[in-house]
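Peer 1: Just dropping this structure here.
The values are calculated or read from the model by the stated rules, or taken from the named source; none is laboratory data. The shown structure was predicted, so the numbers you read here are calculated from the model rather than taken from an experiment. For neighbour counting, all protein chains shown are included, and Cβ atoms are generated from backbone atoms with ideal geometry for every residue, glycine included. Just the protein is used for accessible areas: all its heavy atoms, side chains included, with ligands, DNA and RNA removed. Shrake-Rupley method; radii C 1.70, N 1.55, O 1.52, S 1.80 Å.
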Amino acid sequence: MLAVLRNTWALFFGFGIICLAHGLQGTLIGVRSVLEGFSYISTGLIVAGYYVGYLTGSVVIPVFLKRVGHIRVFAALASLASIAILLHTVFLDPYSWFFIRIFTGVSLSGIYIIMESWLNDKSTNETRGQLLSIYMIITFVFVGLGQLLLNISDPAKVDLFILVSILLSFSLLPILLSNTEQPNTTDTKSFSLTEFYAISPLGFVGALFTGLAHSAVFGYGAVYATAKGLSVLEVSIFMVIITSFGALSQWPVGYLSDRIDRRLILIGITFVASGLCVLIVGSSYISLTLFFILTAIYSCMSLPMYSLAIAHTNDFLQQNEIVAASSAFAKLVGIGSILGPLMVSGMMSVMGPNGYHIYLVLIHGLLGLFGLYRMPSS
């Protein structure tokens, strides 16, 4: 495990800087949209642009990986993201921002594919869960830290946009200046979503349901907390709890999944998360402290779903199938991420704020049931 980390430190360092920039730009775009007076519909269109790009990237990036390799594509995508964030300061209208966010979505989707395929190439079935847990810890911690950078300057100015661009450009240095060996893509195999399902049905459904769950958790968490009457400070605490405790649980869950059947771990945490959602609904009427404690435990169960589903899928892959699997996984997460906010908003419209957690009960519960169904197989 230590040998793998020594060989991938530059990759993790560069990715951490990208997550720092991604965390800042996500919050910055939302705040600046309000300052510019964009309507809710226009702002929603801007958000949708990112996921359109995310899906697009999952289709086109593997083609470039096969042609020129991981390092060059990583550099190109970081540069594209650096250019895109600066374009926001040039074209100050929501329709332009929609198309700009597509470029950002393509970049981030491609970077995730590169990271996950690279790490899976360097890991074994005995270390994959731990290595991917480190990847997710870095993701959540640095995205959270990036949001704090919003306070160092006025969002109405161009300073923060320039800072994001600088961070994205700086992320290239560790990768380009290290001697990290990139995966071999000369014999990369491609396959359809149908073939992906045949390889790992639980990985397929896990990717889709992870997108359905996590897009609601992060995309509608603040909306839910505000609808429940929490103050601005309490809403921020709610979101910080989700991110920080989700990061804390990644390593122990990943460690266990390398020693116990990953399917059992995935089924267990999804059922626990589903049950906790019921308790959270009740606690919201009893005690804010209890509400936050249960939310923290829920985050510890829900957020490792992503790395567990990836690790389980890659247990069944040949070396030349890893890039294609990462692409298919990103497509499914992207589809789920588009549908998730639409579905949870529908539940909340019908059932009120509690529809948020009722939706999550169903998503986690259904994934757990499918896992039980697949236990006799793979």
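Peer 1: For the chain, please report how many Lys pairs fall under 30 Å Cα to Cα, leaving out neighbours fewer than 8 apart on the same chain.
Peer 2: 6
Peer 1: For n ≥ 4 DSSP H runs only, could you compute -39500 (n - 2.57) per run for the chain, divide by its residues and tell me the 222 nm figure to the nearest 500?
Peer 2: So the calculated ellipticity at 222 nm is -28000 deg cm²/dmol.
Peer 1: If you place +1 on the Cβ of every Lys and Arg, -1 on the Cβ of every Asp and Glu, and leave all else neutral, what size is the dipole of the chain about its Cα centre, to the nearest 20 Debye?
Peer 2: 180 debye
Peer 1: Roughly how big is segment 45-123's charge dipole about its Cα centre, with Cβ charges of +1 (Lys, Arg) and -1 (Asp, Glu), in debye to the nearest 20?
Peer 2: About 220 debye.
Peer 1: Place +1 on the Cβ of every Lys and Arg and -1 on the Cβ of every Asp and Glu in the chain, take the dipole about the Cα centre, and give the residue among G69, C19, I358 whose Cα lies farthest towards its positive end.
Peer 2: G69
Peer 1: Within the chain, which DSSP H helices have Cα atoms that stretch 18 Å or more along the helix axis and a mean Kyte-Doolittle hydropathy of at least 1.0?
Peer 2: 2-35, 40-68, 70-90, 128-148, 201-227, 232-248, 262-283, 288-302, 322-351, 355-374
Peer 1: Mind giving me the FRET efficiency for V34 and L288? R0 is 22 Å, r the Cβ-Cβ distance, nearest 0.05 is fine.
Peer 2: Efficiency for this residue pair is about 0.25.
Peer 1: At a 10 angstrom cut-off on C-beta neighbours, averaged per residue, how do the peptides 251-257, 306-312 rank from highest to lowest?
Peer 2: 306-312, 251-257
Peer 1: Same structure again: Could you point to the residue in C300, L208, I29 farthest towards the positive end of the chain's charge dipole, with +1 and -1 charges on the Cβ of Lys/Arg and Asp/Glu respectively?
Peer 2: L208
Peer 1: For segment 9-49 and segment 318-360, what is the separation of their C-alpha centers, rounded to whole Å?
Peer 2: Taking the Cα centre of each part, segment 9-49 and segment 318-360 sit 19 Å apart.
Peer 1: Right, here's the next one. Which of the following values of Rg and Dmax of the Cα atoms in Å was calculated from the structure shown: (i) 22.4, 75; (ii) 19.8, 59; (iii) 23.5, 74?
Peer 2: Working out Rg and Dmax of the Cα atoms in Å from the coordinates points to (ii).
Peer 1: Roughly how much of L168 is accessible, in Å² to the nearest 10, using a 1.4 Å probe?
Peer 2: 0 Å²
Peer 1: Something else now. Along the charge dipole of the chain, pointing to its positive end and built from +1/-1 on Cβ of Lys, Arg, Asp and Glu, which listed residue (S326, V240, I175) has its Cα farthest out?
Peer 2: S326
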